[in-house]
Amino acid sequence: MLARLAGNHALKQDLSAALRAGRLPHSILLAGEPGCGAGFAARCLAADYLYPHGGPHAEAVLRGEDSECLTVRGEGASGQIKVERIREAREKIQHSALSADAAGRVLFIYGAQALNGSSANAMLKIMEEPPEGVLFLLTASSTAAVLPTIRSRCAAYMIAPVETGECAAALRAAVPALDARQAADLAFLYEGRIGTALDALNDPAEKAARAAARELCRHVQARDTYRAAALLAKYEKDREGANRLLAQTMQAVSASLRRPGFDGLEADAAARLGRAAGEAARRIAANGNLRLALTLLAAEATAQDQSPLR
């Protein structure tokens, strides 16, 4: 199943060799920025570990449905992983019977950077005395974001974005209706992050944010303050939606600076929008007034350049 992971050839070779030799570490940390596929890589590795010969059970692992896989992730507004969830997982690992079809059992910790002091200590107790046949697979946005006590007990691997051509091919395989130009543009826009590109295609909220970001780019290029403000006004009571829009806008800005004219945004307008969107994001993160932050974004992004006084 690891062969299904795009790019990351050295990583796939190392892990596949360790599996064949029976020397796979019992705790593995897969780190990569969101959208690079760390979660998918973890499920691929789990499938190969549990079901070396593939089959329906291995496919179920990829879908997150196999009974030999336990999953823990962050919850609530804080997104932290609660100590109760780690303890529950430990009990299930230690006291439930193993299927005759599987070579072991896997505990996924998605977003290990969300382990707090208590949950990390509970996790350490399992990792230091791992039950036989249990593989711990942790994912994180970066290795540095994971508590040192957890990180030091894992073999860490980086999941990298893929080359844009490979990304485009993966997108077309996942969404056959996508034509070559659309796939290439998305691969360029999201810099080889397949998961992020697929979210923009399939997730309604991300799809809407992407469409709004493209419209905002057009208004900024035209210096149309009225239309930019009208678009942003729709998000004055939607902080989550505003943050999605800003994230998609910053991605469009990056693409336009790398390829002027992308999304109809030339380099000077992209730089102006990038500064304004970055400032808006900082104001919102600081719990600033959402309406004011978006109003200022429209004004600053479409402002006329001021000539110096003579």
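The values are calculated or read from the model by the stated rules, or taken from the named source; none is laboratory data. On a predicted model such as this, the values are computed, not experimentally measured, just so you know. So basically every Cβ, Gly included, is an ideal-geometry build from the backbone, and we count neighbours across all protein chains shown. For the accessible areas, the whole protein counts, side chains as well, though only heavy atoms, and no ligand, DNA or RNA atoms are used. Shrake-Rupley method; radii C 1.70, N 1.55, O 1.52, S 1.80 Å.
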Just read off the accessible area of residue 88 with the full protein assembly in place, 1.4 Å probe, to the nearest 10 Å².
-> 90
Please list the non-local residues whose amide H lies under 5 Å from the amide H of residue 135, H modeled 1.01 Å from N, same-chain partners needing a gap of 5 or more.
-> 105, 106, 107
So how do 193-200, 297-304 stack up, highest first, on mean other-Cβ count within 10 Å?
-> 193-200, 297-304
Post the alpha-carbon centroid distance, the stretch 160-177 to the stretch 47-120, in whole angstrom.
-> 28
Filtered hits (aspartates and glutamates, Cα-Cα < 19 Å from residue 92, offset >= 8 within chain) -> 65, 66, 68, 84, 101, 128, 129, 132
Which value, in debye to the nearest 20, gives the size of the charge dipole of the stretch 1-131 about its Cα centre, when Lys and Arg are +1 and Asp and Glu are -1 at the Cβ?
-> 140
List the lysines whose Cα lies under 28 Å from the Cα of residue 237, skipping any in the same chain that are fewer than 8 positions away.
-> 207
Residues whose placed amide H lies under 5 Å from that of residue 82, excluding near-sequence neighbours | 75
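Quick one: ranking 118, 16, 27 by accessible area, 1.4 Å probe, largest first, what do you get?
Numbers: 118 70, 16 30, 27 5 Å².
Solvent-accessible surface, decreasing: 118, 16, 27.
Keeping every protein chain present and rolling a 1.4 Å probe, give me the accessible area per residue for the stretch 204-276 in Å².
Working: 3590 Å² over 73 residues.
Roughly 49 Å² per residue, with all protein chains present.
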Before rounding to the nearest 500, sum -39500 (n - 2.57) across all DSSP H runs of length at least 4 in the chain and divide by the residue total; then give [θ] at 222 nm in deg cm²/dmol.
-> -17000 deg cm²/dmol
In straight Cα distance, which aspartates and glutamates are under 17 Å from residue 234, not counting same-chain residues fewer than 8 positions off?
-> 206, 215, 224
Percent of accessible area on the stretch 1-62 owned by carbon and sulfur, 1.4 Å probe?
-> 55
Which value, in debye to the nearest 20, describes the size of the charge dipole of the chain about its Cα centre when Lys and Arg Cβ atoms bear +1, Asp and Glu Cβ atoms bear -1, and nothing else is charged?
-> 640
For the stretch 168-280, the percent of accessible surface on carbon and sulfur atoms (probe 1.4 angstrom, ligands and nucleic acids excluded) is 53
Read through the labelled values [x] 55, 54, 47; [y] 78, 43, 34; [z] 63, 48, 38 and report the label of the one computed as Cα extents along the principal axes in Å from the structure.
-> [y]
